[in-house]
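The values are calculated or read from the model by the stated rules, or taken from the named source; none is laboratory data. Fair warning: this is a prediction, and the values are worked out from it, not measured in the lab. Note that each Cβ is placed from the backbone with ideal geometry, even for glycine, and that neighbours are counted across all protein chains shown.
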Amino acid sequence: MSTPNDRDTATLAGGCFWCVEAVFQLVDGVEKVESGYCNGAVENPTYKEVCSGTTGHAEACRITFNPAVVSYEELLQVFFASHDPTTLNRQGNDVGTQYRSAIFVHSEEQANIARAYIKQLDASKTWSSPIVTEVTPAETFYVAEDYHQNYYNQNGSQPYCAFVVRPKVEKFKKMFGDKMRAGEK
């Protein structure tokens, strides 16, 4: 049972981290979203290194949340609704292992919840293809360079933001208006 002062962490990768960050910054109960690089072989990688696809990292977001306000299950609902979990190593025009769909778990409980939810989504045929999202332990996370943090809010008129990020944000607002922060409604 969580108390109002409890905090938990979720680490999610669903393509470009700018998209993931922009959506989760709107979720009530999410206190911090950090864009970064998860589970690769190179220490302290740069954006350029990760984009090369040779480091093994995924562009991911580390999300600090209050489980008394938003549950891990609800975060997964938002995650799966905000990207295509059926395309291997790709989201739209972003192609490579760094753009894979992944849930980097911080506990066995998170792993069990994630696997059960994926099984439920596959059984319900939510997508016409099977989900390829990996569920794996969160081993390393390197916070991305400062200019990647809060990217959409600071660069919303940039073409990538306008054509790729904004539709995901609008979809979240339409589907999950009840889960939005009060100031964002």
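Looking at region 26-54, which of its residues are closer than 14 Å to Glu139 by Cα and not acidic (Asp, Glu)?
Filtering region 26-54 for residues closer than 14 Å to Glu139 by Cα gives 36-44.
Within region 26-54, Gly36, Tyr37, Cys38, Asn39, Gly40, Ala41, Val42, Asn44 meet the criteria.
The set of residues in region 16-39 being among the charged types (D, E, K, R) and either part of a strand (DSSP E or B) or in contact with a Ser or Thr (Cβ under 7 Å, 6 or more places away or on another chain) (or both) consists of Glu21, Glu31, Lys32, Glu34. Of the residues examined, Gly56 is one that is at pLDDT 95 or above, of a type in the set (Gly, Ala, Ser) and in a loop (DSSP other than H, G, I, E, B).
The residues of region 70-100 that are at negative phi and polar (S, T, N, Q), listed by number, are Ser71, Gln77, Ser82, Thr86, Thr87, Gln91, Asn93, Thr97, Gln98. Does Val42 qualify as being of a type in the set (Val, Ile, Thr) and either outside any strand (DSSP E or B) or surrounded by fewer than 18 Cβ atoms within 10 Å (Cβ to Cβ) (or both)? So Val42 fits the description; yes.
Among the residues making up region 45-58, a single one is surrounded by fewer than 20 Cβ atoms within 10 Å (Cβ to Cβ), closer than 24 Å to Thr87 by Cβ and in contact (Cβ under 8 Å) with a residue 60 or more places away in the chain: Tyr47. Close Cβ contacts (under 6 Å, 6 or more residues apart or on different chains) running from residues in region 134-150 that are within 14 Å of Ile63 (Cβ to Cβ) to residues that are crowded, with 16+ Cβ neighbours inside 10 Å and of a type in the set (Val, Ile, Thr) comprise Ala138/Thr11.
What about Arg62, is it in contact with a Phe, Trp or Tyr (Cβ under 6 Å, 6 or more places away or on another chain) and among the basic types (Lys, Arg)? Judged against the criteria, Arg62 is a match.
Here region 67-81 is the region considered, the condition is being part of a loop (DSSP other than H, G, I, E, B) and either under 11 Å from Ala13 (Cα atoms) or among the aliphatic types (A, V, I, L, M) (or both), and the residue that is nearest to the chain's Cα centre (by Cα) is Val70. Flag: Ala10 matches the condition of being crowded, with 16+ Cβ neighbours inside 10 Å, touching a His at 6+ places or on another chain (Cβ under 8 Å) and of a type outside the set (Asp, Glu).
If the requirement is being of a type outside the set (Gly, Ala, Ser), touching a residue at least 12 places away in the same chain (Cβ under 8 Å), under 19 Å from Gln110 (Cα atoms) and touching a Cys at 6+ places or on another chain (Cβ under 7 Å), which of these qualifies: Val33, Val70?
The conditions single out Val33.
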